[in-house]
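Enquirer: Here it is, the structure in full.
Read the figures in this text as sums done on the coordinates, not as results from a lab. Values in this document were obtained by computation on a predicted structure and should not be read as measured data. Neighbour counts run over all protein chains shown; Cβ positions are idealised from the backbone, glycine included.
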Amino acid sequence: MSYNESIKEQEQSKKVQEMFNNIADKYDFLNGLLSFALDDNWRRNAIRLANIKPNNKVLDLACGTGDMISQIQKQHPDAIIYGADFSVNMLHISQKKLGSIPFTAADAHNLPFKDNTFDRLTMAFGFRNVTDKARGLSELYRVIKPGGKVCILELTRPENKLTSFFYKIYFMHLLPFIGGLFSSKKAYKYLPDSVYKFPKRHEYRQLIEDAGFKNIHFKSLVFGAVTIAVMDK
Ligand SMILES: C[S@@+](CC[C@H](N)C(=O)[O-])C[C@H]1O[C@@H](n2cnc3c(N)ncnc32)[C@H](O)[C@@H]1O
């Protein structure tokens, strides 16, 4: 990547950070509303695929307001969980909800953790926002122990034409409208844009492979509108 491209990506990442700081207080309410309250079900699915073992050290990256952590705690009360996010406003909300968990302000492009620290890393609806995805994946790889697992849950674009058509209407028009009524219209316009820009399945697999991961598996939910990627170091 050239110097100019790298500066542009850093600026874009700053804008994303600012946007999440601005919508933090409305995030939980809108998340449930706009996903028809299916989001927790998707998180539970991802956690099952992460195959967390007793006493595993788990990092939930891009933890936002802590919904993924709550679900991990329910399924694996003995897991040692850490939360990290680059939006301090999101982290404040998680901290209020889940005080006992250690939270760190951290950017996925440059994680403040030593190599081979965690047994599992989960990331729900956060990877789409990482502007330099190759860099982000190499950081995920670095902080995971050999034999450890990473599980990324993300909104993706359905590949079936009919589903894609309805999805486009909902995502491009209805969602920014509803989001705008309660929160920042700009943020809820950014959401479909980021999904449409997300790499296609074969590009996504290549990026993950290039970071060094093996045994890469994908699970599609809701006709491909949601994808869980699981990979091993
Ligand atoms: C859509 S929210 C998801 C929050 C939570 N994981 C959930 O399941 O509801 C995306 C989160 O990713 C965080 N995020 C985006 N880019 C990030 C980055 N580069 N490093 C760390 N966190 C990031 C945002 O601050 C935000 O809290």
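Enquirer: Give the shape of the chain as rounded, prolate or oblate, defined through the alpha-carbon gyration tensor: a ≥ b ≥ c are the square roots of its eigenvalues, a/c under 1.5 means rounded, and otherwise the shape is prolate if a/b is larger than b/c and oblate if not. Walk me through the numbers on the way to the answer.
Expert: On the way: a/c = 1.30, a/b = 1.21, b/c = 1.07.
Rounded, since a/c falls under 1.5.
Enquirer: Let me ask you something else. For segment 74-184, what does the alpha-carbon gyration tensor say about shape, rounded, prolate or oblate, given a ≥ b ≥ c as the root eigenvalues, a/c under 1.5 as rounded, and a/b over b/c as prolate? Walk me through the numbers before you get to the answer.
Expert: On the way: a/c = 2.07, a/b = 1.53, b/c = 1.35.
Since a/c reaches 1.5 and a/b is larger than b/c, the shape of segment 74-184 is classed as prolate.
Enquirer: Also, quick follow-up: Assigning unit charges at the beta carbon (Lys, Arg +1; Asp, Glu -1) and nothing else, what dipole magnitude in debye, to the nearest 20, does segment 1-148 show about its Cα centre? Before the final figure, lay out each step's value.
Expert: Working: 19 positive and 17 negative charges, 78 e Å.
Roughly 380 debye, rounded to the nearest 20.
Enquirer: Okay, moving on. Just from its helices, what would the mean residue ellipticity at 222 nm be for the chain, if runs of 4 or more DSSP H residues each count -39500 (n - 2.57) and the sum is divided by every residue, rounded to the nearest 500 deg cm²/dmol?
Expert: Taking each H run of at least 4 residues, the total per residue is -15500 deg cm²/dmol.
Enquirer: Beyond 20 Å between alpha-carbons counts as too far, so tell me which of Lys15/Lys233; Lys133/Lys161; Lys161/Lys200; Lys15/Lys219 fall in that bin. Can you show the working numbers first?
Expert: On the way: Lys15/Lys233 31 Å; Lys133/Lys161 27 Å; Lys161/Lys200 15 Å; Lys15/Lys219 30 Å.
Violating the 20 Å Cα-Cα cut-off are Lys15/Lys233; Lys133/Lys161; Lys15/Lys219.
Enquirer: Specify which residue in the list Ile7, Leu191, Ile47 is farthest towards the positive end of the charge dipole of the chain, using unit charges on the beta carbon of Lys, Arg (+1) and Asp, Glu (-1), about the Cα centre.
Expert: In the chain, that residue is Ile47.
Enquirer: On a full-extension model of 0.36 nm per residue, what is the gain between Gln75 and Asn215, subtracting their alpha-carbon distance, rounded to one decimal in nm?
Expert: 48.0 nm
Enquirer: What is the gain in length, in nm to one decimal, between Ala105 and Leu38 on full extension, counting 0.36 nm per residue of separation less the C-alpha to C-alpha distance?
Expert: 21.4 nm
Enquirer: Report the extension gain between Tyr196 and Arg142 in nm, rounded to one decimal, defined as 0.36 nm multiplied by the number of residues separating them, less their alpha carbon distance.
Expert: 16.6 nm
Enquirer: What aspartates and glutamates sit close enough to Lys186 to cross-link, taking a C-alpha to C-alpha distance under 14 Å and skipping anything fewer than 8 places away on the same chain?
Expert: In chain and number order, the partners are Glu18.
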